[in-house]
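The values are calculated or read from the model by the stated rules, or taken from the named source; none is laboratory data. As the structure is a prediction and not an experimental result, all values here were calculated from the model. Note that each Cβ is placed from the backbone with ideal geometry, even for glycine, and that neighbours are counted across all protein chains shown.
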Amino acid sequence: MRSNTHTKLTISITLPIPSALFTLLVLLFLSSVVERHVCAFGPAYNIASTSTTSGTSSSAIVTTAITSRISMMMTTKATNGIDSSNDDDGNLLNFRYATLEDVPRCFEIESASYPSDEAAPLASLTNRQIHAGMYFILCTTTNATEKQEQETIIGFVCGTRCTEFSEQSMSEHNPSGKLLAIHSIVVEERYRRKGIASKMTKQYIRNIIAREKENDTEQQQSISQPVESIVLIAKQHLLGFYVRCGFCVNRPSSIVHGRDLWYEIEMEIPTSIEKTEIIPRTLPRSDESWFCKTERFSRPFPEVKPYLEEHEKWVQSLRETQDVCIVSGYRVDDQGKPGGGGLMFLAAKSYEEAFELVSKYDPLIVNKCVDWELNGWIGQVGDISIQ
């Protein structure tokens with residue numbers, strides 16, 4: 001996961017485990033103690049995933065589970081947060097890492113979404129969270145109740161690393177594997193067709209690219225293998241969705257999973273900072289709003305043209321930093337000819353922040369090429385999502 005500073009409490013149990021019931025009681029007791037004192041779309045490939053060997057003892061498994069559970073409890077859900085977005089209806093979506101407590105809810109969504117011969121068992125999802133938690137993210141929304149707001153998990157993406165794209169290799173998590181195999185991309189049925197699966201998938205990809213960029217910056221001499229590609233298998237009717245998310249379709253897959261034919265799809269992840277392709281944000285963050293700038297040329301086009309090119313480079317630079325959610329263009333008539341004036345949407349925390357950005361740094365404004373106006377935007381029916 002992201003490097004958050006927090007105390008990690010590890011408890012080892014080295015005593016005989018007479019029964020599964022006793023193991024469960026120990027786990028629940030220690031979890032409750034720590035909690036009281038610390039806390040005062042369509043399927044991708046699903047396959048069992050575990051890093052434990054057949055010789056692993058029961059006490060070791062209990063130690064791993066308790067360590068993971070307690071560590072996750074002591075890292076609050078706020079520190080697990082990744083980013084936020086909005087669905088096509090304007091409802092706020094939050095993205096965060098999954099904890100062990102979230103797995104049963106994920107299993108409910110998984111089981112309700114996939115055929116029984118494709119859905120991942122609870123044990124597989126648990127193992128993925130324990131051993132590959134940094135590749136297991138949730139999409140949540142907030143529902144207001146009479147007493148408080150309640151978080152609801154509405155979808156998730158999970159994956160494990162492997163050395164090759166094969167059923168055997170994907171059945172285990174190899175922390176040094178060059179491939180990141182996505183096992184599930186799933187949204188609860190009543191939240192589908194709102195653009196959530198697309199936003200969740202793109203957020204997952206952004207998170208992986210950001211992690212690889214951090215690794216490239218901070219661990220230049222590290223012997224750990226970077227993620228070279230994100231891979232998964234998908235059914236034919238979902239290929240268009242994945243292509244729109246940036247994947248390439250390679251070939252029909254030899255992997256047998258359920259009854260249908262699957263296709264291997266892939267997205268290469270650049271391994272150097274210089275080659276990293278930033279995926280611009282498409283929606284404001286939770287503390288941002290839309291602002292709209294309209295403009296018309298106040299000088300002859302030949303005089304404006306050089307600054308128009310500078311304006312385009314300026315907007316592109318803001319998009320590539322991932323700091324500014326912005327899009328710029330111009331209006332045309334029914335013949336497709338320009339003349340209606342320029343139009344730019346950008347996300348900012350306040351009107352003052354948006355005004356300062358455009359008034360001080362937009363080359364068209366700085367060089368007095370346009371008469372312009374800046375307004376806030378409030379969507380009444382639907383909302384804006386940029387590409």
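Scanning the stretch 362-387 for residues that are outside any strand (DSSP E or B), surrounded by 13 or more Cβ atoms within 10 Å (Cβ to Cβ) and assigned by TED's automatic domain parsing to the domain that holds Leu318 gives Asp362, Pro363, Leu364, Ile365, Val366, Asn367, Cys369. Given Glu189, Glu167, which one is surrounded by fewer than 18 Cβ atoms within 10 Å (Cβ to Cβ), within 24 Å of Leu239 (Cβ to Cβ) and at pLDDT below 80? Residue meeting the stated conditions: Glu167.
Quick check, is Ser328 touching a strand residue (DSSP E or B) at 6+ places or on another chain (Cβ under 6 Å) and surrounded by 16 or more Cβ atoms within 10 Å (Cβ to Cβ)? Answer is yes for this residue. Of everything listed in (1) part of a strand (DSSP E or B); (2) under 16 Å from Gly133 (Cα atoms); (3) of a type in the set (Val, Ile, Thr), the single unmet condition for Ile205 is (1).
Scanning the stretch 88-128 for residues that are outside any helix (DSSP H, G or I), under 14 Å from His183 (Cα atoms) and among the hydrophobic types (A, V, I, L, M, F, W, C) gives Ala119, Ala120.
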